[in-house]
Amino acid sequence: MSSPSTKIAWGVAVLVVAGLVAIAAPAVTAVLPVGNGPVAAPDASAPSTAKPATDSPTENAAAEDTSTGGAPAGYVGIGHGTSIPAGGPGDCKASAYIWIGSDNDEPMHAEMLGADMVDMGPREFATGGVGLDDQGRPATYTVAPGDVTSVIGDRFCIYNGIALETLNMYPGGDAIQPGDVLTLNADLVTDWVSPYGG
């Protein structure tokens, strides 16, 4: 059995890696060519045959699309300097996003960004019950046996469903249990504190 400090260290490491991936993904995507096959590196001694960049995203995949909040083509800016892929998991048309952080030395807090959550229905590893807010939107989720946080996120079109654990103050390594009631909508968590302390 792992010690609490080992669990915390692993949890923090997972969050750091996820954050670095989220930060690097738009930059990496912006320099990757779009096409159906491998792209050969240019020969430095050969004359350039590259076409000048155009404003058309189909001709220049790295062009910045101002309609998406300055995010690279294929991504949408959702606030707090965060961009996520356009579209959503599975059959979702767009993604919601759980943002946990701080701007301008404010206290850490949680917010729901992106599209509204949509319940796409029960599925394997996400069969629990849903509680609705006063406007009929998904607000809470009761964990069923065998449920997995990332799949629960997919069910509700949440891009980063694994963040449900942090939002609901589960320290790294502590698994959700049948009967646990998870808050889905980060905007409903007004008293969020880090499960890792500090």
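The values are calculated or read from the model by the stated rules, or taken from the named source; none is laboratory data. This structure is a prediction, so every number in the text was calculated from the model and none was measured. With ideal geometry, Cβ positions are generated from the backbone for all residues, glycine too; neighbour counts draw on all protein chains shown. Ligands, DNA and RNA are excluded from the accessible area calculation, which covers all protein heavy atoms including side chains. Shrake-Rupley method; radii C 1.70, N 1.55, O 1.52, S 1.80 Å.
Within the range 102-121, is there a residue that is over 19 Å from the mean Cα position of the chain (by Cα), surrounded by 13 or more Cβ atoms within 10 Å (Cβ to Cβ), over 27 Å from Tyr196 (Cα atoms) and among the acidic types (Asp, Glu)?
Of the residues in the range 102-121, the ones over 19 Å from the mean Cα position of the chain (by Cα) are 104-107, 121.
Those left that are additionally surrounded by 13 or more Cβ atoms within 10 Å (Cβ to Cβ): none.
For the range 102-121, residues over 19 Å from the mean Cα position of the chain (by Cα), surrounded by 13 or more Cβ atoms within 10 Å (Cβ to Cβ), over 27 Å from Tyr196 (Cα atoms) and among the acidic types (Asp, Glu): absent.
With the requirement that a residue be touching a strand residue (DSSP E or B) at 6+ places or on another chain (Cβ under 6 Å) and without any contact (Cβ under 8 Å) to a residue 60 or more places away in the chain, what does the range 93-113 give you?
Passing the criteria: only Leu113.
Step by step: first the residues of the range 169-189, then only those that are part of a loop (DSSP other than H, G, I, E, B) and within 16 Å of the chain's Cα centre (by Cα), then the one that is surrounded by the most Cβ atoms within 10 Å (Cβ to Cβ). Which residue is that? Steps first, answer last, please.
Within the range 169-189, the subset part of a loop (DSSP other than H, G, I, E, B) is 169-180, 184-185, 189.
Filter once more, keeping what is within 16 Å of the chain's Cα centre (by Cα): 184-185.
On the way: Leu184: 27, Asn185: 21.
Applying the filter and picking the extreme gives Leu184.
Which ones in the range 71-92 are without any contact (Cβ under 8 Å) to a residue 40 or more places away in the chain, touching a Gly at 6+ places or on another chain (Cβ under 7 Å) and either among the hydroxyl-bearing types (Ser, Thr, Tyr) or surrounded by fewer than 17 Cβ atoms within 10 Å (Cβ to Cβ) (or both)?
His80, Ala86
Consider Asn60 carefully, then state whether it is open to solvent by 30 Å² or more (accessible area, probe 1.4 Å), at pLDDT below 95, of a type in the set (S, T, N, Q) and closer than 22 Å to Leu167 by Cα. If you could, list the steps in order and put the result at the bottom.
Details: open to solvent by 30 Å² or more (accessible area, probe 1.4 Å): yes; at pLDDT below 95: yes; of a type in the set (S, T, N, Q): yes; closer than 22 Å to Leu167 by Cα: no.
When the stated conditions are applied, Asn60 does not pass them.
Contact list please: Cβ distance under 6 Å, first residue in the range 114-129 and farther than 14 Å from Tyr159 by Cα and assigned to a loop (DSSP other than H, G, I, E, B), second residue open to solvent by less than 30 Å² (accessible area, probe 1.4 Å) and among the charged types (D, E, K, R), pairs at least six apart or on different chains.
Phe125/Asp147; Gly128/Asp147
Specify which of the listed residues (Tyr97, Tyr159) is open to solvent by 50 Å² or more (accessible area, probe 1.4 Å), at pLDDT 95 or above and closer than 30 Å to Ala71 by Cα.
Numbers: Tyr97 fails: open to solvent by 50 Å² or more (accessible area, probe 1.4 Å).
Selected residue: Tyr159, the only one of Tyr97, Tyr159 that is open to solvent by 50 Å² or more (accessible area, probe 1.4 Å), at pLDDT 95 or above and closer than 30 Å to Ala71 by Cα.
Looking for something under 21 Å from the mean Cα position of the chain (by Cα) and acidic (Asp, Glu) - is there at least one such residue anywhere in the range 128-141?
No.
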